[in-house]
Amino acid sequence: MQTSIYAKRRAGVVRALKAAGGGVAVLPTAPERQRNRDSDFPYRHDSYFYYLTGFTEPDGWLVIQADHKAVRTTLFCRPRNLEREIWDGVRLGPKAAVAQLGVDQAFSVELLDEKIPELLANQNAVWFPFATHKGLESQVDGWLNKVRGRVRLGAECPQSQHDLCKLLDEMRLVKDRHEIAILRRAGAISAAGHVRAMQTSAALLRDGVKGGLREYHLEAELLHEFRRHGSQFPAYTSIVAAGANACILHYRAGDGELKPGQLCLIDAACELDGYASDITRTFPANGQFTPAQRTLYDIVLAAQQAAIKATKPGKRFTDPHDAATRVLVEGMLETGLLAKAKHGRVDDVLESGAYRQFYMHRTGHWMGMDVHDCGDYTEPGSKPREEKDATGQRVMRKPSRILKPGMVLTEEPGIYVRPAKNVPREFWNIGIRIEDDALVTASGCELLTRGVPVDADEIEALMRG
């Protein structure tokens, strides 16, 4: 079953290459990365390569031919080596790769420079990922030069080069059943981590902990929960931000102390079997919102609900952002974060962009194998039109992508209030973001990460328990 999934995707590449005029695609996996002396970072495969092979070893290469009648897919991988396997683990090896991965043929990666020119010969185009693998362009040029050296023997060299990412991005943008099942499971594991962190925060502040409750204490609870349910990695560096730290968008969990009366913003999630999840929750460290915190929290939650309502087939990718931003602006004006006398009505604020003082990012992004997943945010084949960018400048831009079933995006509005003149003091240093992962369905969207409460009353009840 697993092999057929990847074979089906590779067949999709063949069809796409043929539709584009044919050619051969060359795709490497990610290299190993050295962390320091005699120590590497934990290895993580290249997402594109894994999408087409399900293979997680380093030094892998995949070649897909769209014109050759006998061979469609060729895999290069590390050869079996008893001495290295004693130190680093068992390798699949080329002999087993054909049956286990469902490719047509496999060779040792040691033969890469010998075999790839043979696979490139007599193809009209070569496709490979641009600007994602350092030095790949030079390798391709070297292989093409070898093909050119054989023209007197009747070989023809590919005449054009194309970015394989563009083709694969379109395939990866709409998730299949296999991917959706993993994303659901990843979302459930991540949600359980957030529940654990919330309950731990309340319990430790109630019972006391030597040296105080620190951000890294909650990060440890998250990572423990992710790993014990089978997640291989965190999907990204965990954000655990106490108090004013929540107003730093990419803050990393540190040694900040959480105290009663503060909010804690956690943006953390796991990666499972090559697929990410992405959750943000903001909660009172001791389990009880203050009136000012609750006021802003309810505004952000209402904004997220508006974004979710706007996430359905036929809507554009920017529609959830626009819906959320309007609700946020209404709240900013009602609470005095933005003075009505100075900034006017909601449409005036949207036009001027004054809301960016408190909300400076988009409401979502694609999600899948990468937490910020690939995929075009504008509609393919559409014509550019004049509109305003994030800074209010007029630019020529294609219309936003039309949402379709199978796409997965995040819904993550927020409000971040730094101390400033004419900003009500009771809101200073409050940072709130609420984020869930939404799968576009035939009639709307399914939230994959609601295993952790989002309603303020439900959060307080959970933390009391």
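If you scan region 60-76, which residues turn out to be over 14 Å from Leu120 (Cβ atoms) and at pLDDT below 95?
If the condition is that a residue be over 14 Å from Leu120 (Cβ atoms) and at pLDDT below 95, then Lys69, Ala70, Arg72 are the ones that fit.
Please count how many residues of region 408-441 are at pLDDT 95 or above and touching a Lys or Arg at 6+ places or on another chain (Cβ under 9 Å).
Within region 408-441, residues that are at pLDDT 95 or above and touching a Lys or Arg at 6+ places or on another chain (Cβ under 9 Å) number 17.
Scanning region 387-401 for residues that are closer than 25 Å to Met171 by Cα and either modelled with pLDDT under 85 or crowded, with 16+ Cβ neighbours inside 10 Å (or both), which turns out nearest to the chain's Cα centre (by Cα)? First the steps, then the outcome.
Let us first name the residues in region 387-401 that are closer than 25 Å to Met171 by Cα, namely 397-401.
With either modelled with pLDDT under 85 or crowded, with 16+ Cβ neighbours inside 10 Å (or both) added as a condition, the list becomes 398, 400-401.
Details: Lys398: 23, Ser400: 19, Arg401: 17 Å.
Checking each candidate, the answer is Arg401.
When you go through (1) free of Cβ contacts under 8 Å to residues at least 60 places away in the same chain; (2) more than 24 Å from Tyr48 (Cβ to Cβ) one by one for His365, which number turns out not to apply?
(2)
Spot the failing condition for Ser231; the list is (1) surrounded by 18 or more Cβ atoms within 10 Å (Cβ to Cβ); (2) under 25 Å from Gly287 (Cα atoms), and only one is missed.
(2)
Any idea which of Val327, Val371 is part of a helix (DSSP H, G or I) and either touching a residue at least 60 places away in the same chain (Cβ under 8 Å) or hydrophobic (A, V, I, L, M, F, W, C) (or both)?
Just one listed residue meets the conditions, Val327.
Residues of region 330-368 being in a helix (DSSP H, G or I), surrounded by 17 or more Cβ atoms within 10 Å (Cβ to Cβ) and among the polar types (S, T, N, Q), which ones?
Hit for region 330-368 is Thr335, nothing else.
Any idea which residue in region 441-465 is surrounded by the most Cβ atoms within 10 Å (Cβ to Cβ), counting only those that are out of contact with any strand residue (DSSP E or B) (no Cβ under 7 Å at 6 or more places or on another chain) and either part of a strand (DSSP E or B) or among the acidic types (Asp, Glu) (or both)?
Looking at the filtered set, the residue picked out is Glu460.
Go through (1) in contact (Cβ under 8 Å) with a residue 24 or more places away in the chain; (2) surrounded by 16 or more Cβ atoms within 10 Å (Cβ to Cβ) for Val174 and report which single condition fails.
(2)
Here are the criteria: (1) under 27 Å from Ile415 (Cα atoms); (2) at pLDDT 95 or above. Tell me which single one Leu164 does not satisfy.
Among (1) under 27 Å from Ile415 (Cα atoms); (2) at pLDDT 95 or above, the lone unmet condition for Leu164 is (1).
Determine if region 122-142 includes at least one residue that is small (Gly, Ala, Ser), assigned to a loop (DSSP other than H, G, I, E, B) and over 30 Å from Ala235 (Cβ atoms). Steps first, answer last, please.
Just the residues of region 122-142 that are small (Gly, Ala, Ser), to begin with: 125, 131, 135, 138, 142.
Then drop every residue that is not assigned to a loop (DSSP other than H, G, I, E, B), which leaves 131, 135.
Next, from what is left, pick out any that are over 30 Å from Ala235 (Cβ atoms): none.
Within region 122-142, none of the residues are small (Gly, Ala, Ser), assigned to a loop (DSSP other than H, G, I, E, B) and over 30 Å from Ala235 (Cβ atoms).
Quickly run through region 412-431 and pick out the residues that are outside any loop (DSSP other than H, G, I, E, B) and touching a strand residue (DSSP E or B) at 6+ places or on another chain (Cβ under 9 Å).
Of everything in region 412-431, those that are outside any loop (DSSP other than H, G, I, E, B) and touching a strand residue (DSSP E or B) at 6+ places or on another chain (Cβ under 9 Å) turn out to be Gly414, Ile415, Tyr416, Val417, Phe427, Ile430, Gly431.
Among (1) outside the structural domain of Asp437 (by TED's automatic domain parsing); (2) within 21 Å of the chain's Cα centre (by Cα), where does Gln159 come up short?
(2)
Looking only at residues that are polar (S, T, N, Q) and surrounded by fewer than 19 Cβ atoms within 10 Å (Cβ to Cβ) in region 43-92, which one is nearest to the chain's Cα centre (by Cα)?
Filtering region 43-92 for residues that are polar (S, T, N, Q) and surrounded by fewer than 19 Cβ atoms within 10 Å (Cβ to Cβ), the one nearest to the chain's Cα centre (by Cα) comes out as Thr56.
Answer yes if at least one residue in region 189-202 is at pLDDT 95 or above and surrounded by fewer than 17 Cβ atoms within 10 Å (Cβ to Cβ), and no otherwise.
yes
When you go through Tyr43, Tyr6, Tyr48 one by one, which is the residue that is in contact (Cβ under 8 Å) with a residue 60 or more places away in the chain, among the aromatic types (Phe, Trp, Tyr) and over 15 Å from Leu164 (Cα atoms)?
Matching residue, one of Tyr43, Tyr6, Tyr48: Tyr6.
Among Phe289, Phe226, which is hydrophobic (A, V, I, L, M, F, W, C), assigned by TED's automatic domain parsing to the domain that holds Val408 and within 27 Å of Asp373 (Cα to Cα)?
Phe226
The values are calculated or read from the model by the stated rules, or taken from the named source; none is laboratory data. Just so you know, these numbers come straight off a predicted model, no measurement behind them. Don't worry about glycine lacking a Cβ; one is built from the backbone with ideal geometry, like all the others, and counts go over all protein chains shown.
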